Amino acid sequence: MKKTNELSGQNIINVNVPAPSGKKGVEKYVGPVKEAFSFLANASIYSIFKVTCISIITLVIIITGTMCYKAVTSEAFITALATRVSHEQDIQESKNLGIRDDKVTPKIQKEIEMLCYTLSADRVFIFEMHNGKRNSSGLPFRYADMSYEEVNDNKHINRVGIQFQNVPLTLYKFPHYIAEHSYMLGDIEEIARIDKGFAEEIAEIGGEYLAVVYITTNGTPLGFLGVAFHEKPTFQEEYIKGIIESHARVITPLLDLRQQIIMNR
C-alpha cells in the first residue's frame, strides 16, 4: 500500500523515443520522385508535351544567353562591331556628301546668283554655322564658314570666301545681333555701332551696305544669308528685304540634311 500511494502522488511521464532509423532520410528523397512519377502517370499527353516544350525552350534560352554573353564580351566581337559601325558611318557620310554635291550646291548657287543680279548687289554669300571645337569642360565653340559666294561679274568684284573659313563667332557681336533680330539692312556706320570689329572686316573687302537674314530650320540655326553693296543700293529697303527673304525660304530646306534625305530617297 505504501508503494502504491507513493506512485499516486507523482506525475509519471512516459516518453517513447523511437530508435534511429535510415528510412526517414531515404523517404525524404523518394517522396518527391514518387509524386513526379505519379503526376506523369496521371497527366494528359498535352500536359506532358507542354512541360517538355517549356523545359526545352528554357534550356535553349540559357544556352543561347550564355553564348551571346561570351560573344559580346569578347575582344574580337567588339572590334568587329566597331569596324562595322565605322563602315556604316563612312557610307552614310558619302551619301550625305553626294546630296551636298549633286542636289544642294547647284540649286543654292543658282539662287544666290539670281539674288545677286536681281538686287544689282556686289556680293551674295552664305555663312553656315558648325561646332568646330570644345573647351576642356566640353562646352562647344560656334564657328562659321562662308560656304557659298557669288560676285557680280559686271562690277569686277574679287572673291573673298576663302578668307572666311572657321570664323569663331565668339569674337563678334554681330552674329548674335542677327540671331536676335532675324534681319538687318544697314551701312558700315550702323554695323559698327553693333560690332566695330565685324564692320572693319566688311570695310576691308569694300562693303559699304549689308543686308543679312538669319537662317534656321525647326529652331536649329543654320547660318546667315547676306547681300553686300559697295555703294548705297538703289532699291527701297522693303523691296530688298522681301527679295532676300524669298530666296532664304528656298535656301533653308536645301541646307537641312533631314529634309534632303527624305526628298532624295
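None of the figures in this text is laboratory data; all of them are computed from the coordinates on show. Source: prediction; values computed, not measured. Here the Cβ positions follow ideal geometry from the backbone for every residue, glycine too, while neighbour counts run over all protein chains shown.
With the simple spin-label model, which puts each label point 7 Å out from Cα in the Cβ direction, the residue 74 to residue 200 separation comes to 6.4 nm.
If r is the Cβ-Cβ distance from residue 131 to residue 193 and R0 is 45 Å, what FRET efficiency results, to the nearest 0.05? Efficiency, from the Cβ-Cβ distance: 0.95. Close amide-amide hydrogen proximity is noted between residue 217 and 222, each under 5 Å apart and 5 or more residues distant or on a separate chain (H modeled in the peptide plane; Pro and chain starts excluded). Fewest neighbouring Cβ atoms within 10 Å first, the residues 145, 101 line up as 101, 145. Between residue 141 and 132, 133, 134, 135, the built amide H atoms are under 5 Å apart, and every one of these is 5 or more places off in sequence or on another chain. Hey, for a label at residue 235 modelled as a point 7 Å past Cα toward Cβ, could you say which residues of region 105-126 have their backbone N under 11 Å away? The answer is 114-122.
According to the square roots a ≥ b ≥ c of the eigenvalues of the Cα gyration tensor, what is the shape class of region 101-263, taking rounded for a/c under 1.5, prolate for a/b larger than b/c otherwise, and oblate for the remainder? Verdict is oblate for region 101-263.
By the beta-carbon count within 10 Å of each Cβ, the least crowded to most crowded order of 156, 130, 247, fewest first, is 156, 130, 247.
The length gained by stretching the chain between residue 103 and residue 62 to full extension, at 0.36 nm per residue less their Cα-Cα distance, is 9.6 nm.
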